[in-house]
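Report on the following structure.
The values are calculated or read from the model by the stated rules, or taken from the named source; none is laboratory data. Remember, predicted model here, so these are calculated numbers, not experimental data. Neighbour counts are summed over all protein chains in view; Cβ atoms, including those assigned to glycine, are modelled from backbone coordinates with ideal geometry.
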Amino acid sequence: MTKDLTAAPAPASVITGIGYWLPPTVLTNDSLGDRLGTSAEWLSSRTGISSRHVVAPGTSTADLAVKAGRKAMESAGTDRVDAVLVATVTPDRVCPPVAPEVAARLGQPGTAAFDVGAACSGFLYGLAVARGLIAARTARQVLVVGAETMTSIVDPQDPATSAIFADGAGAVVLRAGGPDEPGAVGPVVLGSDGSCADLIEVPAGRSRHSPPAGSDSPAETQYLAVSGPDVFRKAVARMAAVSRSATEARGWELQDVDRVVPHQANAHILAAVTRKLGVPPDRVASNIEHVGNTSAASIPILLAQDAADGRIKPGDKVLATAFGAGLTWAATTVVWPELPNVPEPATPV
């Protein structure tokens, strides 16, 4: 008699490895303030950021993704995955996607590979997609990378964005496992509101704002534009609400959470989300002071740094939450696993 495999419960997705990479060039507020004609203190007070990592000329998003992905695979003790997902808003080209190149450079020829575009929520969207691939038994191991060269789409003379956004990559490896295992990723709660798409955008370069043949787009439309006050209000409300939904979906209360790992938007948004959730500030992870806002890379970088430094410990109940352009938002939970090969910090921070 043929066994009915469809009757077996769908496998869960378990984190088995983590890694990150920050480019070694550090841009301090002193240097940035000289460029912008303002003070380091003013920049810090507006953003909560005192320094950030930026790529050197010629360094691409794929370069960062490969370094973070390799560290995550080493952490997992594996040299083979069945799919590679790269969450990014700064791919190396309009076409093709960056993930196939990342997979090839990681020694994964023929592996399924594609990009996930959900801006600052992209890494958590990528986790949701990876969970689906594993649950459907399409893949047993998946590498999910968040990688950004945000400085490539930021106006270097705009203090509102150049002080906040930075470059970096983080990654995790997921494998098929049981829902009660440490490291099993809980339900990923997702949402979006396309009616507010213009609040965070790079207007030029695609069909809606494609310039006529032989002309160029105005320079300002090629850079990231952010409507600060509106984004602040929506980010705080959505991150708080989706965080509650994700903890409820896991059967947790917010007071059960040992570590909240939020997307590193800016210090004022992080403080407001913390207050709205009613979580003690010492339970909220942050590296924004020295890393800045790395969009889709921020959550995996922060997870990897906290794991390396012991701020996240095996058995901790972790909540990750994000908000980004689109608008998009997402949150999920995990009981942190014992990772035998947690990477040391990749660069000084």
- Note on the structure: With criteria (1) under 18 Å from the mean Cα position of the chain (by Cα); (2) part of a strand (DSSP E or B), residue 187 comes up short on (2)
- Within the range 281-300, restricting attention to residues that are closer than 16 Å to residue 120 by Cβ, over 8 Å from the mean Cα position of the chain (by Cα) and not hydroxyl-bearing (Ser, Thr, Tyr), which residue is surrounded by the fewest Cβ atoms within 10 Å (Cβ to Cβ)? 287
- Query: Looking only at the range 262-280, which residues are of a type outside the set (A, V, I, L, M, F, W, C) and either over 18 Å from the mean Cα position of the chain (by Cα) or at pLDDT 95 or above (or both)?
  - Reply: 262, 263, 264, 268, 274, 275, 276, 278, 280
- Message: I'd like to check something: does the range 269-279 contain any residue that is within 26 Å of residue 229 (Cα to Cα), in contact (Cβ under 8 Å) with a residue 24 or more places away in the chain and not hydrophobic (A, V, I, L, M, F, W, C)?
- Response: yes
- Message: Being of a type in the set (Gly, Ala, Ser), more than 28 Å from residue 186 (Cα to Cα) and in contact (Cβ under 8 Å) with a residue 40 or more places away in the chain: is that true of residue 50 here?
- Response: yes
- Query: So is residue 114 within 22 Å of residue 152 (Cβ to Cβ), among the aromatic types (Phe, Trp, Tyr) and surrounded by 22 or more Cβ atoms within 10 Å (Cβ to Cβ) or not?
  - Reply: no
- Filter pass, residue 38 being buried (at least 17 other Cβ atoms within 10 Å of the Cβ) and of a type in the set (S, T, N, Q): no
- Is it true that residue 86 is assigned to a loop (DSSP other than H, G, I, E, B) and either in the same structural domain as residue 306 (by TED's automatic domain parsing) or of a type in the set (A, V, I, L, M, F, W, C) (or both)? no
- Matching residues in the range 25-40 - criterion: being touching a residue at least 12 places away in the same chain (Cβ under 8 Å) and in a helix (DSSP H, G or I): 29, 32, 35, 36, 40
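A quick yes/no check of all residues on (1) in the same structural domain as residue 289 (by TED's automatic domain parsing); (2) assigned to a helix (DSSP H, G or I); (3) in contact with a Leu (Cβ under 8 Å, 6 or more places away or on another chain):
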site: 23; (1), (2), (3): no, no, yes
site: 43; (1), (2), (3): no, yes, yes
site: 72; (1), (2), (3): no, yes, yes
site: 78; (1), (2), (3): no, no, no
site: 81; (1), (2), (3): no, no, yes
- Message: Anything in the range 120-135 that is among the aliphatic types (A, V, I, L, M), surrounded by fewer than 24 Cβ atoms within 10 Å (Cβ to Cβ) and within 20 Å of the chain's Cα centre (by Cα)? List them, or say none.
- Response: 128, 129, 133
- For the range 163-184, what are the residues that are among the β-branched types (Val, Ile, Thr) and in a strand (DSSP E or B)? 172, 173
- Note on the structure: Among the residues of the range 53-96, the number that are surrounded by fewer than 19 Cβ atoms within 10 Å (Cβ to Cβ), in contact (Cβ under 8 Å) with a residue 12 or more places away in the chain and under 26 Å from residue 327 (Cα atoms) is 3
